[in-house]
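Notes follow once the structure below has been shown.
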Amino acid sequence: MSKFKDIISSPTPTLVDFFATWCGPCQTMMPILDKVKKDMGEQIRILKVDVDKNQAVANQFKVKGVPTFVLFQNGEMLWRQSGGMDFNTFLHKIKSNLK
């Protein structure tokens with residue numbers, strides 16, 4: 001848990017993808033996340049958290065459905081949304097919520 005807290009407290013924006021291996025929409029978002037990382041490069045860090053293996057973290061952030069995306073910077077939650085979306089919408093939401 002302390003490593004997770006250190007990561008989200010970084011000045012580098014961190015997008016946390018709360019997912020499950022059995023979740024269809026989560027699988028659909030995988031290539032979209034890859035495209036986001038390719039588009040944004042070092043401007044963002046993407047951290048995938050399997051809710052079945054990391055229940056404490058999922059519970060801490062009250063993740064009730066997957067996928068749930070949470071954008072952090074300096075330990076502050078900048079944006080949160082559940083559900084899948086297309087690449088352009090996803091990228092716009094991330095960029096518009098960065099400081």
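When only residues in the range 31-46 that are within 11 Å of the chain's Cα centre (by Cα) and not β-branched (Val, Ile, Thr) count, which is surrounded by the most Cβ atoms within 10 Å (Cβ to Cβ)?
Here the residue is 33.
Out of the residues in the range 47-99 meeting the condition of being among the β-branched types (Val, Ile, Thr) and buried (at least 16 other Cβ atoms within 10 Å of the Cβ), tell me which one is modelled with the lowest pLDDT.
Per the stated criteria, the residue is 57.
For the range 28-75, how many residues meet the condition of being of a type outside the set (Lys, Arg), more than 20 Å from residue 92 (Cβ to Cβ) and part of a strand (DSSP E or B)?
Of the residues in the range 28-75, 3 are of a type outside the set (Lys, Arg), more than 20 Å from residue 92 (Cβ to Cβ) and part of a strand (DSSP E or B).
Could you grab me the full set of residues in the range 12-27 that are surrounded by fewer than 13 Cβ atoms within 10 Å (Cβ to Cβ) and assigned to a helix (DSSP H, G or I)?
Within the range 12-27, just 24 meets the criteria.
Just the residues that are within 20 Å of residue 28 (Cα to Cα) and not hydrophobic (A, V, I, L, M, F, W, C), please, taken from the range 54-86.
64, 65, 67, 68, 80, 81, 82, 83, 84, 86
Using beta carbons and a limit of 7 Å, which pairs, at least six apart or on different chains, have the first residue in the range 58-79 and free of Cβ contacts under 8 Å to residues at least 40 places away in the same chain and the second one assigned to a strand (DSSP E or B) and surrounded by fewer than 19 Cβ atoms within 10 Å (Cβ to Cβ)?
Between residues of the range 58-79 that are free of Cβ contacts under 8 Å to residues at least 40 places away in the same chain and residues that are assigned to a strand (DSSP E or B) and surrounded by fewer than 19 Cβ atoms within 10 Å (Cβ to Cβ), the close pairs are 65/82.
The values are calculated or read from the model by the stated rules, or taken from the named source; none is laboratory data. Source: prediction; values computed, not measured. For neighbour counting, all protein chains shown are included, and Cβ atoms are generated from backbone atoms with ideal geometry for every residue, glycine included.
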